[in-house]
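S.K.: My structure is below; once you've seen it, I'll send some questions.
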């Protein structure tokens, strides 16, 4: 449960309001154990519950998880099928617990590419958790940051063509309002597991001034203790947003 770390977080204050996580390492975790890749993804479900419960305990307001990228559609059909089945299974198993814990789930990405079962599961979890007020849980599924930005540009171009927005009104705020993440502030902290040091086409616009925390742990091995360690590291940072501290 890591109560010692949680107590330190509470004493130090300045908890990140929005945490984003690139959940990486499921395949490597399975390979190291000579298991099929889908079993690595299944093992990662436990880590999702850990960080959700840890985020609630720490007082985080928004948690955004990179679950399935648009590029992941290029993986073998058997693995994609297993991932979609796992998504449906996760929602069926966790939706009631999420609702009871006050978690409001949103799915961000191109859901048109999801099959009927996965799309129905996504709509179900969003509907059944719509009243959650303790934590917003964003699941990025079939998500590409470049596609998100292109979509925002397309929507703004349509506004100009329709005459509802003038060209000179298109600024950073206008773009921000057309992103999937428009209802929430940008992430304060990004956590990436498995030791990789890249953004992988995740929240490229939103991460402009986000603090980064890289852990060598593979995603299935992550517990709330690692989340708390990342928050404590964040609390030691001096965030200047390009300004100079006098």
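S.K.: Taking the alpha carbon gyration tensor of the range 170-230, what are the square roots of 5 times its eigenvalues, largest first, to the nearest whole Å?
M.R.: Calculated on Cα positions only, the semi-axes equal 27, 12, 9 Å.
S.K.: If each DSSP helix of 4+ residues adds -39,500 (n - 2.57) and the sum is divided by the residues in the chain, what number results at 222 nm, nearest 500 deg cm²/dmol? Can you show the working numbers first?
M.R.: Values: 8 runs with 111 residues, N = 246.
The per-residue figure over the chain is -14500 deg cm²/dmol.
S.K.: Evaluate Rg over Rh across the range 126-205, taking Cα atoms for both radii and Kirkwood's formula for Rh.
M.R.: Looking at the range 126-205, the ratio lands at 1.04.
S.K.: Right, something else. Going by average Cβ density within 10 Å per residue, which order do the peptides 172-180, 21-29 take, highest to lowest?
M.R.: 21-29, 172-180
S.K.: Also, quick follow-up: Take the alpha-carbon centre of the range 83-160, take the same for the range 1-58, and report the distance between them in whole Å.
M.R.: 19 Å
S.K.: If the elastic network links every pair of Cα atoms under 10 Å, which of 34, 18, 106 fluctuates the most in the Gaussian network model of the chain?
M.R.: Result: 34 has the largest fluctuation of those listed.
S.K.: Where Rh denotes the Kirkwood radius from the mean inverse Cα pair distance, what is Rg over Rh for the range 54-183?
M.R.: My calculation of the ratio gives 1.03.
S.K.: So, in nm, how far is label residue 14 from label residue 175 when the simple model puts each one 7 Å beyond its Cα toward the Cβ?
M.R.: Computed distance between label sites residue 14 and residue 175 equals 2.8 nm.
S.K.: Considering all alpha-carbon pairs of the range 15-89, what whole percent are spaced by more than 14 angstrom?
M.R.: 66 percent
S.K.: Given [x] 55, 36, 31; [y] 56, 54, 35; [z] 70, 38, 30 as candidate values of Cα extents along the principal axes in Å, which corresponds to the one derived from the coordinates?
M.R.: [y]
S.K.: Packing-wise, with mean Cβ within 10 Å as the measure, how do 125-138, 224-237 rank, highest first?
M.R.: Averaged packing, sorted descending, gives the order 224-237, 125-138.
S.K.: What FRET efficiency would be calculated for the residue pair residue 74, residue 198, taking the C-beta separation as r and a Förster radius of 22 Å, to the nearest 0.05? The partial results should precede the final answer.
M.R.: Values: r = 17 Å, r/R0 = 0.79.
The formula returns an efficiency of 0.80 here.
Read the figures in this text as sums done on the coordinates, not as results from a lab. No experiment lies behind these values; they were computed from the predicted model shown. We place every Cβ from the backbone using ideal geometry, glycine too, and count neighbours over all the protein chains shown.
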